[in-house]
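Heads up, the thing below is written out as structure tokens.
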Amino acid sequence: LLQALPVKLETSEAEKELLLSTMKKYNEAANWLAEQAFHLKLANKIELQKRFYYQLREQFNLSAQFAVRVISKVVEAYNRDRSIKPTFRKLGAIQYDQRNMSWKGLDKVSLITLQGRIQLPTRIGEYQKKSRADRIRGQADLIYRKGKFYLIAVVDAPEQSEFDPVGVLGVDLGIENIATDSDGQVFSGEKVEQTRQRYNKRRRILQKIKTKNSKRTLKKMSGREKCFKRDVNHVISKAIVSKAKGTTRAIALEDLSGIRQRATVVRHTRQRDRHSKWSFNQLRQFVEYKAKREGVQVGVVNPRNTSRECPKCHCIDARNRPTRDYFKCIECGYEAMADYVAACNIAARVPVNEPMAVSVFTTTASHSPSGRGS
Ligand SMILES: [Zn+2]
């Protein structure tokens, strides 16, 4: 089994600048090559190499190894979906392998940059050293997150076990949408919403009729509705877990009691109707077991005021929520969609997430049984 092991790198300001400019060039080159590949409808590695290798090297000042990696990156992305031109973020990951990276023991790693190799001290925790670092394989992605560089190294794992996250994906359940994460992604589409409303409407009508026949229809419908919710919950939980895994992050959720608490303070019937009948409990369970299966850590946080706190200045006030789905801070004026704000607060409530801090989550989880959370 292969797993991701994040290794934090220590850099001086100059080294940081060098890595950043290398990253920019690398992704600039990838975007340029994607343009060519898409234009020519060409997703063949050898053919692309033949045509563009030298141009990549000259135009972008890339080393031979980087040119080859850029070609692989583009081919891989383009083959995933041939109908769209792949685009890469300005500071997207750089792929390293045995040819452009070498480990000096476990305390140092040497990486190729635009200006030759640099050697950087790594920070691997004792726990990681013992457990998995000796199984580091030849590939790693260099990523930049919140001002720091990490190598996400690929390691052989004897069995599926949790990976150490870099960062947290906060997930809010049920303010306006079924699930929204701290990247601002909403996990329930228009179609789900329409189907759900159709069920609600039909139920209301049938409940008014009160004949034998309508009761039977109602019962049948409730079975189908249950299946629908289950399917949707499976799709949403899968998307959340695979996103967290793909970006080497942990997942943070509110303590379940938070949803019930919040549902009782919702005043408008129409809005309460919107989600009150959704099975958030099931969705949560799905997220938890899928996360466990994929080695993704799940942190549970105190739900108090997650929808009232400003993620920028931390002002907590009921007036920060002028409407149900909208957030505007009375102190600093920060504004955003309410469920996105809540998801950001949920993510931030998981304590500092240094990759080596594996004990972080046991401390988070231990607060809920003690009753502080509710
Ligand atoms: Zn504020």
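The values are calculated or read from the model by the stated rules, or taken from the named source; none is laboratory data. The model shown is predicted, which means the values in this text are computed figures rather than measured ones. Glycine gets a Cβ as well: all are built from the backbone with ideal geometry, and neighbour counts include every protein chain shown. What goes into the accessible areas is simple: the full protein's heavy atoms, side chains included, and nothing from ligands, DNA or RNA. Shrake-Rupley method; radii C 1.70, N 1.55, O 1.52, S 1.80 Å.
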* Phe149's amide H: which non-local residues (gap 5+, or another chain) put their own amide H closer than 5 Å, with H modeled 1.01 Å from N in plane and none for Pro or chain starts? -> Leu9
* Asked: If you stretched the chain out fully between Lys50 and Asn305, how much longer would it get, using 0.36 nm times the residue separation minus the C-alpha to C-alpha distance?
  -> 86.0 nm
* **Highest to lowest packing among 289-298, 175-184, 109-118, scored as the average C-beta count within 10 Å** => 175-184, 289-298, 109-118
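Give, in nm to one decimal, the length gained when the segment between Cys315 and Glu13 is fully stretched (0.36 nm per residue of separation minus the Cα-Cα distance). Don't skip to the answer; put the middle values down first.
Working: separation 302, 0.36 × 302 = 108.72 nm, distance 3.34 nm.
Fully extending the segment from Cys315 to Glu13 adds 105.4 nm.
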* What spacing in nm lies between the two simple spin-label points modelled at Leu218 and Gln65, each 7 Å away from Cα in the Cβ direction? -> 6.9
* Asked: Which ³J(HN,Hα) values in Hz, rounded to whole numbers, follow from the phi angles of region 204-215 under the Karplus curve 6.51 cos²θ - 1.76 cosθ + 1.60, where θ = phi - 60° and Gly and Pro get x?
  -> 4, 4, 5, 5, 6, 5, 6, 9, 4, 4, 5, 5
* **Spin-label proximity, Glu58 to region 22-41 - amide N less than 12 Å from point 7 Å beyond Cα toward beta carbon** => none
* Label-zone membership for region 176-218, site Tyr334, 7 angstrom Cα→C-beta point, backbone N under 17 Å -> 181-185
* Structure fact -> Along region 325-340, Karplus-curve 3J(HN,Hα) (6.51, -1.76, 1.60; θ = phi - 60°) to the nearest Hz, with x for Gly and Pro, reads 9, 10, 10, 9, 6, 6, 8, 9, x, 4, 9, 5, 5, 4, 6, 5
* Asked: Roughly how much of Cys329 is accessible, in Å² to the nearest 10, using a 1.4 Å probe?
  -> 10
* Which ³J(HN,Hα) values, rounded to whole Hz and listed in residue order, are derived for region 234-241 from phi using the Karplus coefficients 6.51, -1.76 and 1.60 in 6.51 cos²θ - 1.76 cosθ + 1.60 with θ = phi - 60°, glycine and proline given as x? -> 5, 5, 5, 5, 5, 5, 5, 5
* To do: At 0.36 nm per residue, minus the direct Cα-Cα distance, what do His39 and Asn281 gain on full extension? Give it in nm, one decimal, please.
  => 82.4 nm
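Ordered by packing density, taken as the mean number of other Cβ atoms within 10 Å over each peptide's residues, highest first, how do 61-74, 87-100, 16-29, 216-229 rank? Present the calculation step by step, with values, prior to reporting the outcome.
Numbers: 61-74: 20.5, 87-100: 17.0, 16-29: 18.6, 216-229: 13.1.
So the peptides 61-74, 87-100, 16-29, 216-229, ranked by packing, come out 61-74, 16-29, 87-100, 216-229.
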* Structure fact -> Between the alpha carbon centres of region 186-221 and region 1-68 the gap in Å comes to 52
